[in-house]
Amino acid sequence: MTPEPNAMDAVLERAVSEIRDEAVDPATIEAAAARVWASVAEAAAHAPADRIRGCDGFRALMPDRRAGRLPKARALLLQDHLHECVACRKVFEGKVVTMPIAVAPAARRPNYTVRWAAAAAVLAAAGLTTWFIVDRYGAHSGRAVVQALNGTLYMIGTDGIHPLAVGQELPDGVEIRTAKDSNAMLELRDGSVVELRERSSFSTAQTASDLTVRLGRGSVIVQAAHRRIGHLYVATADCRVAVTGTVFSVDAGVKGSRVSVIQGEVHVSQDNNDKVLHPGDQTVTSAAIEPMSIPDDIAWSRNREKLMQQLASLKAGLEQIHLPNVRYSSKLLDRLPASTVLFASIPNLSAYLGDAQSVLHRKLSESPELRAFLSGRADLDPILDKLRAAGAYLGDEVVIAAFQDSNGQPQGPVLLAETRREGFAAFLNQQGVPLAVETSGNFVVFGPAKPAVDAMAATLHSPTGGFPGTPFHQRIMQAYGQGAGLLLCADITRMGGQALGAQYFIAEEKEVNNQMESRAALGFNGVRTGIAAWLAPPAAMGSLDYVSPEATFAAAFVVSNPAATVDQLLALQQRSPEAARQALAQIQQDTGIDIRNDLAGSLGGEFAVAMDGPVFPVPSIKLVAEVYDPVRFQASLQKLVDAVNQSSAKSGRAPMHTGQETVDGRIYYSVGSAGGNPLMQASYTFSNGYLIAAPTRTLVTRALQIKTNGTSLTRSSDFIAMTPRDHYNNFSAVVYQKLGTTLAPLVSLFGAFAQPKAGQPNPLSSLGNMKPSLFAIYGEPDRISIATNGDALGMGLTGMLSGNIMGMAGGLPFGGMRQMQGTHAR
């Protein structure tokens, strides 16, 4: 039976979709053309000779058309008439019932009929050909090309990674990736222009009249070309954006995606829900991502000024998300003296103060600078105990401050609050709290030391206490601008602390999405330098794609410049840059390896390590490193092993062994000690610009399968649920652990060997009860911040404040094992 019109359209669409990308031999085209003309001639030869007269004649053909008995030529003529005649189309579709019409035979005029049939067939063939050409190539018939490039752009193929140059064509279906400190402008086959940020990757796919950009990770700004048919789509792991003639940006990372519209209209689909965005609008696909201003979202673009001009006439900002139990301003902050060096803000919530008291106490004890500053002074715990009962007398916020007198001597702590009713001093006296109290207007100052209370009270008689305008005040106001819960701020430099050049320490704890979230930051006086500059700004990470959701520990980080990091490490070890250069030269002379350029220079700066499997008998440790030049890296590594073996031969030690084997077309390398110790063996391979290493080839193969299947740790619900909510879409570093399930059996096994003091808990018990946690670390130009869900703020900051980088691990949940690490140099 001849297919109905709608079915015929579907068949044509599917046929074109299947053959559109197929390369056709010219001989095949000529043969097809010959068959078409043969079909036209045959249809004309068998066409009925009687002439169709008016609508009645076409309606008489409808029964045969429905029954499938109508010749092809007549069917084409009827189909054409139905497109033009609404009345006949309604009759054919059954919407209008007509009586059968008898048509008298007409004189046979074969010449006209043949001409009509042939013309219809030729027009149909020509129309189909034209439609196919327009559908396949559209108005822009070029290929995708590299339009501009700053840095390095790679094509990730099955045979490795290949650098691309300006003007080079980009094939469909192949991953394109920018290196660190690189960006590129790419023109797609439909004329759209894509600007690609550093560490971003995408590929394109063509289906029918649509072009899809698959953004694996990173950020793009798209200037979509106007299309007569079809759409341009940008697809991430969790949403799809449909556009035409639009300027917009898409940022895809571990937490999810962010879409911002600069010009035109964008349709965003996520979980079968569609959202329409207009200029100035923005949407995110995860509750862990906060909206951010569009100027900030596109600040990385080389065309930022042009885009900003387009935004000038659009919405000025986005609605701020105001969460309960946080404050965006303070009536007390401006009343403090200009010499304030410590500021803590506690909301006056009686039920909350109990938790706030323990959190504040722990944070103070975890910082040696704060602990030294407050040593010998009154304990704050009894004061906070009474504050919970004093909530009815005080305002919405209670501030604890410490400052310096004219001689630079520390004063405080002093507490400041607004008053709701009189009688606060009498209440304290009734409670037996020996505090000095001074009231001025609607404010009350109290504390254990009367001179400090009097000095603070003196600042309340002026509209401001001199604190506004100071850099420390400005930094605290930034914390309020993001919503403050429990807030602790310290001016480290004025308190005598030296921490990698850090100037401020800001810690806060607040409720976000009905769960507690902790955040801390070290602020620097200017751009980070030295060791503090090792951490790169937040960037898309692909190394965690090889780690499974079953991993009990995973850490990934991005280094700004691996070669510069080597220089600084050697400078620290050798005590001077000159000694470091001499050490590098000596290594090169002894081994033939340029550590800085051959090894570090071939790395991309992204690393990950994970415990992804059983701990016994061989720990299932994975190491993933971004490698831009696998050939140079492998050659350097082999030279290093050869140098070690030469040294071992001189000293009589067993040499190391290396090897390689090809399995399913992939080369696996191995390196290890000659003794066969499984703890000293490693297998590794290179894939998609990464080195993946593990103790066994089985673990390496499993890591590759995780990447291929898209079932990595970052896609797991546990990982996503623990990511903190902020405007960052990526991390500079991230640490994830659920070691409790792994350590619990060990604690039970070895707990009996621990000998706690009388009345003290077993020191190993806490290891088996550790809750899963995730620490997100962000490197900004002038600060390093850390965030985590739950109450874990301040852990690891002691090591940062003291300059002990290895000591940072001591504060992490797995830092209970730091006693086994020994003593580390500063």
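For this structure, a couple of remarks:
- For the pair Val174 and Thr493 in one chain, pulling the backbone fully straight at 0.36 nm per residue adds 109.7 nm over the alpha carbon distance.
- Using a probe radius of 1.4 angstrom, the carbon and sulfur fraction of the accessible surface of segment 533-689 is 59%.
- Per residue, in Å², the accessible surface of segment 393-494 once ligands and nucleic acids are set aside, probe 1.4 Å: 43
- Segment 644-703 - accessible surface per residue (Å², probe 1.4 Å): 55
- Cross-link table Lys180/Lys275; Lys510/Lys622; Lys180/Lys622; Lys275/Lys771, entries beyond 26 Å C-alpha to C-alpha: Lys180/Lys275; Lys510/Lys622; Lys275/Lys771
- 10 Å beta-carbon shell around Ser636, net charge (K/R +1, D/E -1): -1
- For the set Lys650, Lys450, Lys180, solvent exposure ranked by accessible area (probe 1.4 Å, protein chains only) runs largest to smallest as Lys650, Lys450, Lys180.
- Taking amide H positions as modeled 1.01 Å from N, with prolines and chain starts lacking one, no residue 5 or more places away or on another chain lies under 5 Å from Thr658.
- Computed accessible area, Ile667, all protein chains, 1.4 angstrom probe, square angstrom: 70
- To put it simply, the accessible area of segment 180-289 at a 1.4 Å probe is 43 percent carbon and sulfur.
- Sequence of Thr152, Thr698, Thr246 when ordered by accessible area, the most exposed leading, probe 1.4 angstrom: Thr698, Thr152, Thr246
- Calculated from backbone phi, Karplus (6.51, -1.76, 1.60) coupling profile of segment 429-442 in Hz, x at Gly/Pro: 5, 5, 7, x, 8, x, 10, 7, 10, 10, 10, 9, x, 8
- Protection proxy ranking of 483-490, 589-596 - average other beta-carbon atoms within 10 Å, highest first: 483-490, 589-596
The values are calculated or read from the model by the stated rules, or taken from the named source; none is laboratory data. Given the structure is predicted, the values throughout are model-derived calculations rather than measurements. Every residue, glycine as well, gets a Cβ built from its backbone with ideal geometry; the counts of neighbours run over all protein chains shown. The accessibility values were calculated without ligands, DNA or RNA, using every heavy atom of the protein model including side chains. Shrake-Rupley method; radii C 1.70, N 1.55, O 1.52, S 1.80 Å.
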